[in-house]
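Here is the structure we will look at, set down as structure tokens.
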Amino acid sequence: MITVRKSVGGTLMTLESIQKNTWIDMINPSDNEVDLVSKQTGIPDDMLKASLDEEESAHIDYEGNFRMIIVDIPIIEEENDNYVYNTIPLSIITGEGNFVTVCLKETSITNDFAEGRIKSFSTERPLKFILQILYRNSVKFLSYLKQIDKTSHRIQSELQKSMKNKEIFQLLELEKSLVYFSTASKANQVVIEKIAKFEELKDMPEEMDLLNDLIIENKQAIEMCNIYREILTGTMDAFASIINNNVNIVMKLLTIITIIMSLPTLIASLWGMNVPVPFGGNPAGFWLVLAITLPLTVCFALLLINKTRKIK
């Protein structure tokens, strides 16, 4: 899908054709759409297709008069009735009066610009547009990280009550999402540091202020990723220890019951042998053996339980 927009009098207008100083928003474009934009803008096909590879890493590339900036952006996907956090690449291509964004999926980051939720945005200032997109991206990372933290607390509360595998798998998914976010934020930081070296920024005080805010936000996202990962890892280790401890308690209880039951089983086995035994001819022999067995079993059980408590 291709959407062409242009700032006209402070308002973002949707156009039918590509013009100068327009924003060309490409979402999972087909080969025909890539060829069309390439012919009308002069941007090489490989540049337009770069971010369509989910494994493409964040970097800056140049080809002729065109400059391509690829960053990782956060997304939420629904999987098995759960929301999974992931990242995908977004490419921003500038040059020859054109501004192109290419992404595999429709995202809230570009939608915020398209729906006019970003102030002081203009397609005629491409460098500021780039910084605004990156700043919005860092803010989105922080927002999703807060959601992950809230989800983690909710799952932990459920896990304390149920101790089911479902909650453990959900925590593992969150931990994996934090790994993705941490890797993406660090890669984006390298790109931001390269942007800070652009010569044209020296004469743009407004863009420089936005760049400084962007650096702060992205570093905060990196720190929050690290903090939440450490907390979640510690929580997972704690719950693993609790689960192991619960299993040990159950096994210990079963072992105690088995040992206690072994005494009456032993006595019953001896008196059940096909040889002469005490009380064998006594009509009350069964009750006499039972009267001997029960006190011995109770004493043995109390002794075993007392020993177990001392081990604690």
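The values are calculated or read from the model by the stated rules, or taken from the named source; none is laboratory data. Keep in mind that what you see is a predicted model, and the values were worked out from it rather than measured. Please note: Cβ atoms are built from the backbone with ideal geometry, for glycine as well, and neighbour counts cover all protein chains shown.
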Which members of segment 42-72 meet the condition of being of a type outside the set (A, V, I, L, M) and either part of a strand (DSSP E or B) or over 31 Å from the mean Cα position of the chain (by Cα) (or both)?
GLY42, PRO44, ASP45, HIS59, ASP61, TYR62, GLU63, GLY64, ASN65, PHE66, ARG67, ASP72
Just one of the numbered conditions (1) in a helix (DSSP H, G or I); (2) over 12 Å from the mean Cα position of the chain (by Cα); (3) polar (S, T, N, Q); (4) surrounded by 13 or more Cβ atoms within 10 Å (Cβ to Cβ) is not true of SER122; which one?
(1)
Filter segment 45-58 down to the residues that are surrounded by fewer than 16 Cβ atoms within 10 Å (Cβ to Cβ) and either modelled with pLDDT of 90 or more or over 16 Å from ILE27 (Cβ atoms) (or both) and list them by number.
ASP45, ASP46, GLU55, SER57
Against the condition surrounded by 11 or more Cβ atoms within 10 Å (Cβ to Cβ), of a type in the set (Gly, Ala, Ser) and part of a helix (DSSP H, G or I), how does SER269 come out, does it pass?
no
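Could you tell me which residue of segment 85-100 is surrounded by the most Cβ atoms within 10 Å (Cβ to Cβ), considering only residues that are assigned to a strand (DSSP E or B) and modelled with pLDDT under 85?
So the residue we want is ASN98.
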Checked segment 158-216 for anything over 25 Å from LYS140 (Cα atoms), in a helix (DSSP H, G or I) and charged (D, E, K, R); matches are GLU158, LYS161, LYS166, GLU167, GLU199, GLU200, LYS202, ASP203
Would you be able to say whether some residue in segment 265-272 is touching a residue at least 40 places away in the same chain (Cβ under 8 Å) and either on the phi < 0 side of the Ramachandran plot or not charged (D, E, K, R) (or both)?
no
With LYS20, LYS39 as the choices, which residue is in a loop (DSSP other than H, G, I, E, B), of a type in the set (Lys, Arg) and in the same structural domain as THR110 (by TED's automatic domain parsing)?
LYS20
Return yes or no: is ILE75 under 20 Å from GLU207 (Cα atoms) and not in a loop (DSSP other than H, G, I, E, B)?
no
Given (1) touching a residue at least 40 places away in the same chain (Cβ under 8 Å); (2) on the phi < 0 side of the Ramachandran plot, index of the condition GLU96 fails
(2)
Unique residue being of a type in the set (Lys, Arg), under 30 Å from LEU127 (Cβ atoms) and in contact (Cβ under 8 Å) with a residue 24 or more places away in the chain when the list is LYS202, LYS197, LYS252, LYS219:
LYS219
